[in-house]
1. Quick check: pseudo-label points 7 Å beyond the Cα along Cα→Cβ at V15 and L43, how many nm apart are they?
2. Among G45, M23, I59, whose Cα sits farthest toward the positive end of the charge dipole of the chain (+1 at Cβ of Lys/Arg, -1 at Cβ of Asp/Glu, about the Cα centre)?
3. Could you point to the residue in P33, S73, L14 farthest towards the positive end of the chain's charge dipole, with +1 and -1 charges on the Cβ of Lys/Arg and Asp/Glu respectively?
4. Which helices count as membrane-span-like in the chain under these terms: full DSSP H, at least 18 Å along the axis by C-alpha, Kyte-Doolittle mean of -0.5 or more?
5. With charges set only on the Cβ (+1 for Lys and Arg, -1 for Asp and Glu), what does the dipole of the chain come to about its Cα centre, in debye to the nearest 20?
6. Below 21 Å Cα-Cα, how many Lys pairs turn up in the chain? Only count pairs eight or more apart in sequence, or on different chains, if you could.
7. Report relative contact order for the chain in percent, whole number only (criteria: Cα-Cα under 8 Å, sequence separation at least 6).
8. Which percent of the accessible area of the chain is formed by carbon and sulfur heavy atoms (probe 1.4 angstrom)?
Amino acid sequence: MKTAGLFMPTIVTLVLMGGFFSMCTYLIKFAVPPENKEILLILIGAVATKFGDSVAYWINSSMGSHNKEKTISNMTNGQQQ
């Protein structure tokens, strides 16, 4: 299976993972000023949601849909997988 079309989802997943764990580490290691704590928690919630979406892409139906579309595209172009 060729994975050249999966370059960008891979990058996005890695960036989200790095951001999520960096923010969690920051919360554990450093004291957050009380006036910024709520904003940081909202931001972590948003990043955690998108991180969950990116994990779902790789293990759920979105990856299967991507593979199905690629197979259909190959079939309509007269290529075999």
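The values are calculated or read from the model by the stated rules, or taken from the named source; none is laboratory data. Everything numeric in this text was worked out from a predicted model, so none of it was measured. FYI the Cβ positions are ideal-geometry reconstructions off the backbone, even for glycines, and counts take in every protein chain you see. The protein model used for the area step is the full one, side chains on, heavy atoms only, and it has no ligands, DNA or RNA in it. Shrake-Rupley method; radii C 1.70, N 1.55, O 1.52, S 1.80 Å.
1. 1.6
2. I59
3. Sorting the options by dipole projection puts first S73.
4. Span-like helices here: 7-29, 34-59.
5. 240
6. For the chain, qualifying lysine pairs total 4.
7. Here the relative contact order equals 36 percent.
8. Taking all protein chains in place, the chain shows 65 percent carbon and sulfur surface.
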